[in-house]
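Every read-out reported here was derived from the displayed coordinates using simple, explicitly stated rules and does not represent laboratory data. No experiment lies behind these values; they were computed from the predicted model shown. Reconstructed Cβ throughout: ideal geometry from the backbone, glycine too, with neighbour counts over all protein chains shown.
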Amino acid sequence: MMRRDHCFEALARHIDGQIIVPVYQSAQQWRVAKPGYPLTFFSTGAMGQGSSCALGLALGRPDKRVIVLDGDGSLLMNLGTLVTIAHQGPKNLLHFVSQNGTYEANGGHPIPGCNQVSFAQLALAAGYRKAFEFTDLTDFEARIGQVLQEEGPVFVTLKIVAGDPPPQDMQFIHGEAARATFRAALGGP
């Protein structure tokens, strides 16, 4: 099994110009992996909505690759988004899910079916173009460059274990400075 922070460090080495939509714990760890990255749209406050926000950004900005950094508990809160994303078929959307079997943002309670569910298979059944599942960091590091080039929508499951908790700065993530930085980097008013 892998740690999310290690996966995000590997992913960050390939990020330059893509829009990143991280949720909850992923948002905190993304800030550590790629500090100050201006095209980060922090999606917190409504659990499960990160993938929907990413879909809107992908449709609105087809010139940019959009990568959502979701969690398994978060995705379960809005599972219908898989069908909606597949139906819209954005070629520029990559949907990463860190699967650790818990509602991490709500105290680490186990998700239903945590040892049975295959999110990659759910995404394929919904109509995603491709799905990948990684359990080994070396394999992930070797293949992430190619995965990022795939035509979307693409789904990637990262099977993870708990790592060191990242610094929690909800004030920044929910603050105007983060939104203003993103808006300016995206080229908005």
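Were the residues from Leu59 through Gln146 laid out at 0.36 nm apart, the gain over their Cα-Cα distance would be 29.1 nm. Restricting to bridges with both residues inside the chain, how much of the DSSP beta-bridge set is antiparallel, in percent to the nearest 5? For the chain, the DSSP antiparallel bridge percentage is about 10. Just to confirm a number: summing +1 for Lys and Arg and -1 for Asp and Glu over residues other than Ile19 whose beta-carbon lies under 11 angstrom from that of Ile19, what do you get? That sum, taken over residues with Cβ under 11 Å, equals +2. Ordered by the number of other Cβ atoms lying within 10 Å of each residue's own Cβ, fewest first, Thr102, Thr138 fall into the sequence Thr138, Thr102.
Cross-link reach is defined here as a Cα-Cα straight distance under 16 Å, omitting same-chain residues fewer than 8 places apart; for Lys159 the aspartates and glutamates meeting it are Asp5, Glu9, Asp70, Asp72, Glu104, Glu133, Asp136, Asp139, Glu141.
Between Ser118 and Leu186, the distance separating the two model label sites (each 7 Å from Cα on the Cα→Cβ line) works out to 3.5 nm. Listed by chain and number, the lysines whose alpha-carbon sits under 25 Å from that of Lys64, ignoring those within fewer than 8 places in the same chain, are Lys34, Lys91, Lys130. Normalising the average separation of contacting C-alpha pairs (under 8 angstrom, six or more residues apart) by the number of residues puts the relative contact order of the range 1-158 at 25 percent. Between Gln88 and Gln18, the C-beta separation translates, for a Förster distance of 25 Å, into a calculated FRET efficiency of about 0.85. Between amide H atoms placed 1.01 Å from N, distances below 5 Å from Arg3 occur with Val161, all of them 5 or more places distant or on a separate chain.
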